[in-house]
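What follows is calculated from the coordinates using simple rules that are stated; it is not laboratory data. Because the structure is predicted, anything quoted here is derived from the model rather than measured. Virtual Cβ from ideal backbone geometry, glycine too; neighbours counted across all protein chains shown.
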There are 2 protein chains.
Amino acid sequence: MAIVTIERKVLQKNDELAEQNRELFKKSGTFVINLVSSPGSGKTSILEKTLESLKGKVKVAVIEGDVQTDLDAQRVAKFGVPVVQIVTNGGCHLEAKLVQDALSNIELNGVNLLVIENVGNLVCPAGYDLGEAMKVVIASTTEGDDKPLKYPAMFRNASVLIINKIDLLPYVNCDLAELKKNALQINNNLTVFETSCTTSYGIKEWSEWLLAKT
Amino acid sequence: MAIVTIERKVLQKNDELAEQNRELFKKSGTFVINLVSSPGSGKTSILEKTLESLKGKVKVAVIEGDVQTDLDAQRVAKFGVPVVQIVTNGGCHLEAKLVQDALSNIELNGVNLLVIENVGNLVCPAGYDLGEAMKVVIASTTEGDDKPLKYPAMFRNASVLIINKIDLLPYVNCDLAELKKNALQINNNLTVFETSCTTSYGIKEWSEWLLAKT
C-alpha cells in the first residue's frame, strides 16, 4: 500500500481580524463559543436545547453560518433571540471577517453569550479563529468512534466535546469509551459532555456549565 | 433577521488535470466513481460492502483520501484489492493532481472499476472534478432530511445518491420521503439507492447497478 503525503499551508491574516473581534467581545463582556461539527451532528438541535434551557437566565445572540439557506436561522429565531445569518454561497467555513460583518447587525452590549454556529464541516473551520473564547465540537455517535483520529485538527483546537445522539448508541457501531479515548488522545484538555436532543439527556449539565462561563 | 451574503470564486486549473485523468481512465477502460459525503455517513462501509459484493466479478482498485491516518486504507486492503492512500494533512478535499500522483502507484490496465473515496466533507469536494465518471454522494438518515437544501452543490454535482443507515429510520428525526424530495428538488437526475451496511439492505441493488456500468 503506497502513501502519498501533501503539505498544506495554513491561511493567515484571519488571526488579526479574529483578535479585533476578541477585543469587541471583551469590551461588551460577551462570552463567545464557536459550534463546529460535521453536517447533521446536531449543532442546531443542541443550540435550540441550550436556548430553551438558558431562557430568562442570560441574554443570548446567535450568528448562523450556512453554505446555503437560512433554515437554521429560522429555527433559532423562534426562541426570540437576535440572530444573523451568514450565507457563504459555497464557502466551507466562517472567517473572522464574515463574523465582523455579521456583528455590525448585532448590539453586543448586554449580550452575555454569543453562539456562532459554523458551517457543517469537520475540516476547514478548524483552522479559522473567529475571536471566540472556545470552539465546541459536536460528534454524534452515529458517525462512529474513529472521527477524532481522522479529523484531528478540529478536536485539537476545541475546548469542549459534546458527544450527541447518545440515545442511538444501542443501534450504531460506536464504542463510546473508544470515542472518548480517541478524542482525549488527540486533546487531553477536552471537557466532555454526553447529550441527546431527543431525550434531553445531558442538556442540563452542558447548559449549566455554559451559564457558569458567562 | 439580517442576512449577509458572500460570493466565492471557484478554483480553476484543476479541471485541466481532471481531463488528463479522464483520458487515462478512458484508455484503460476503467469506470471511476468519486465517493463523497459528510464524515461518518458510511463511505468506507459502503465501499467494503461493495467490494464484498463484487468479489470475483470485476477487478477493482481504490484510492483513499483522508485528512489524517490510513485507517480506511487498512480496512479496504483486507479485501485484497490495490489501494493507495492519499493523506492530505489538513486538506479538505481531493484534487485531480493528488489523484494523478496516486495513479502512478496503480496499474490501471485491467482495472474495471476505480473507487476514489474522498475526504469526509459535504462542501469542498463538490467543486473538484477528479476525472471521475460520476460523483456518488452518500447521505445517512441520521443527518436529517434537510441536508440537500443546505449543501446543494454536492447533490447538484452528483449522479447517484445513496441514502444510508436506512435501518436507523425508526430512531431518528428524518422523513425519508422529504429527504428524497429535497434531493430531487436540487437535482432531478439523481439515481437514488437506499442502503444499510448493518443489515446489507439495498447493497445488492447498488452493486449490480454499479457492475452494469463497468
> Using the Karplus equation 6.51 cos²θ - 1.76 cosθ + 1.60 (θ = phi - 60°), what ³J(HN,Hα) coupling, rounded to whole Hz, does each residue of region A:23-30 give in order, writing x for Gly and Pro?
Replying inline: 4, 4, 5, 5, 4, 8, x, 9
> Residues with beta-carbon under 9 Å from that of B:ILE203, excluding B:ILE203: net charge, scoring Lys, Arg +1 and Asp, Glu -1?
Replying inline: 0
> Which net charge results when you count Lys and Arg as +1 and Asp and Glu as -1 among the other residues whose beta-carbon is under 9 Å from that of A:GLU117?
Replying inline: -2
> Which order, highest average first, do A:126-136, B:97-107 follow once you tally other Cβ atoms within 10 Å for each residue and take the mean per peptide?
Replying inline: A:126-136, B:97-107
>> Give me the inter-chain shielding for B:139-145: mean count of other chain Cβ atoms within 10 Å, whole number please.
In response: 5
>> Viscosity 0.890 mPa s, temperature 25 °C: give me the Stokes-Einstein translational D for the protein assembly as shown in µm²/s, with Rh taken as the Kirkwood radius over C-alpha pairs.
In response: 112
> Put the label 7 Å from Cα along Cα→Cβ for A:SER159; what are its distances to the other copies, in nanometres, shortest first?
Replying inline: 4.8
> For A:THR44, what charge total do you get from the other residues with a beta carbon under 13 Å from its beta carbon, if Lys and Arg give +1 and Asp and Glu give -1?
Replying inline: -3
> Mind listing the phi-derived Karplus ³J(HN,Hα) values for region B:63-70, rounded to whole Hz, using 6.51, -1.76 and 1.60 with θ = phi - 60°, and x for any glycine or proline?
Replying inline: 10, 9, x, 9, 5, 7, 6, 10
>> At R0 = 30 Å, how high is the FRET efficiency between B:GLN74 and A:LEU24 if r is their beta carbon distance? Nearest 0.05 is fine.
In response: 0.05
> Can you sort B:TRP209, A:TRP206 by how many other beta carbons sit within 10 Å, fewest first?
Replying inline: B:TRP209, A:TRP206
> Of the peptides B:163-169, A:187-193, B:27-33, how do they stack up when ordered by the mean number of other Cβ atoms within 10 Å, highest first?
Replying inline: B:163-169, B:27-33, A:187-193
> Quick one: of the DSSP bridges fully inside chain B, what percent are antiparallel, nearest 5?
Replying inline: 0
>> List the residues, sorted by chain then number, that are 5 or more residues from B:PHE31 or on another chain and whose placed amide H is less than 5 Å from its amide H.
In response: B:LEU113, B:LEU114
